[in-house]
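These notes concern the structure reproduced below.
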Amino acid sequence: HIHSEHSPDGRMALDEIVACARARGLQGVAVCDHDRALTETCNAPDFLLIPGIELSTDRGHLLGLFLTAPIQYTTWKETVQAIHDQGGITVLAHPYQNKRSGSLEPFRPILNDIDAVETWNSRANRKYPHANDNAFIMALLRNKLSTGGSDAHVPQEVGRGFLTVDVEERTLAAVKAQILGGYKPEGGRYWGHGRP
């Protein structure tokens, strides 16, 4: 996931995100601004902009991917349901970024509600060196899909984490189906360490 200038801490316009991503060999990005769904478009032929959001909740940050309309956080259950009602995918974003313990306990009440765990976030390990390892273990133990991304807020961060999906046709529907079928998050130190 990537943040645009519409996030309070984002510094990139959509066209800059597309240019940076293309320069790093990416063919699409999920724009997930803080508490704001992507409603803008830009002229980007042969590049896929996945509309998303990163919601600040009482349970941590929740990504909604493949949204068709804005979402507002109310309660955890209602918000997850609203994302699913749009056909979206729910992802627990960087769950251990600010936690020193790898305990599953704080997350047990919500793990059945989500589709995936962000197991590679290029910024998470800055705050806690085992953040991505713990997220990967969570996904593995709870049989959740794994996602990964750069969580880029500035141009230099674009592409530090990414997903590899193999689709015949670069469409939102094809990419979503492939993600739900399982795929490989990649980036940073994890590349080459035998991670799935």
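The values are calculated or read from the model by the stated rules, or taken from the named source; none is laboratory data. On a predicted model such as this, the values are computed, not experimentally measured, just so you know. Here the Cβ positions follow ideal geometry from the backbone for every residue, glycine too, while neighbour counts run over all protein chains shown. Side chains included, ligands, DNA and RNA excluded: accessible areas come from the protein's heavy atoms. Shrake-Rupley method; radii C 1.70, N 1.55, O 1.52, S 1.80 Å.
Considering every pair of different Cα atoms, what Kirkwood radius, in Å, is found for the stretch 19-92? Walk me through the numbers before you get to the answer.
Working: mean 1/r = 0.0780 Å⁻¹.
Taking the inverse mean of 1/r over all distinct Cα pairs, the stretch 19-92 comes out at 12.8 Å.
Full extension of the chain between A13 and R170 yields a length gain of 54.3 nm, computed as 0.36 nm times the residue separation minus the alpha carbon distance. Annotation: amide H of T57 within the under-5 Å range of L62, sequence separation 5 or more or interchain, hydrogens built in the peptide plane.
A cut-off of 5 Å between modelled amide H atoms, ignoring neighbours fewer than 5 places along the same chain, links A30 with I2, I50.
For G161, the residues whose amide H sits under 5 Å from its own are S150, ignoring neighbours fewer than 5 places away on the same chain, with H placed 1.01 Å from N.
May I ask you to give the percent of accessible area on the stretch 46-159 that is carbon plus sulfur, with a probe radius of 1.4 Å? Please list the in-between numbers first.
Values: 2360 of 4750 Å².
Percent of accessible area from carbon and sulfur atoms in the stretch 46-159: 50.
For the chain, the mean residue ellipticity at 222 nm estimated from helices alone is -6500 deg cm²/dmol, where every DSSP H run of n ≥ 4 contributes -39500 (n - 2.57) and the total is divided by all residues, rounded to the nearest 500. Here, the stretch 81-188 has an Rg and a Dmax of 14.0, 41 Å when only alpha carbons are counted. Label-to-label distance for N98 and Y73 is 1.0 nm, based on points extended 7 Å past Cα in the beta-carbon direction. Would you work out which of L67, I83, Y96 lies farthest towards the positive end of the dipole of the stretch 32-139, given +1 charges on the beta-carbon of Lys and Arg and -1 on that of Asp and Glu, about the Cα centre? Looking along the dipole axis, the top candidate is Y96. For the chain, a crude dipole built from +1 on the beta carbon of Lys and Arg and -1 on the beta carbon of Asp and Glu, taken about the Cα centre, is about 800 debye to the nearest 20. Size of the chain from its Cα atoms: along the principal axes, largest to smallest, the extents are 45, 39, 34 Å. Entry comment: accessible area of the chain is 48 Å² per residue, from protein heavy atoms only and a probe of 1.4 Å.
A Gaussian network model of the chain, with springs between Cα atoms under 10 Å, assigns the largest mean-square fluctuation among N143, N121, N134 to N143.
Taking all protein chains together and a 1.4 Å probe, the residues R24, R36, R11 rank R11, R24, R36 from largest to smallest accessible area. H84 contributes about 60 Å² of solvent-accessible surface, heavy atoms of the protein only, 1.4 Å probe.
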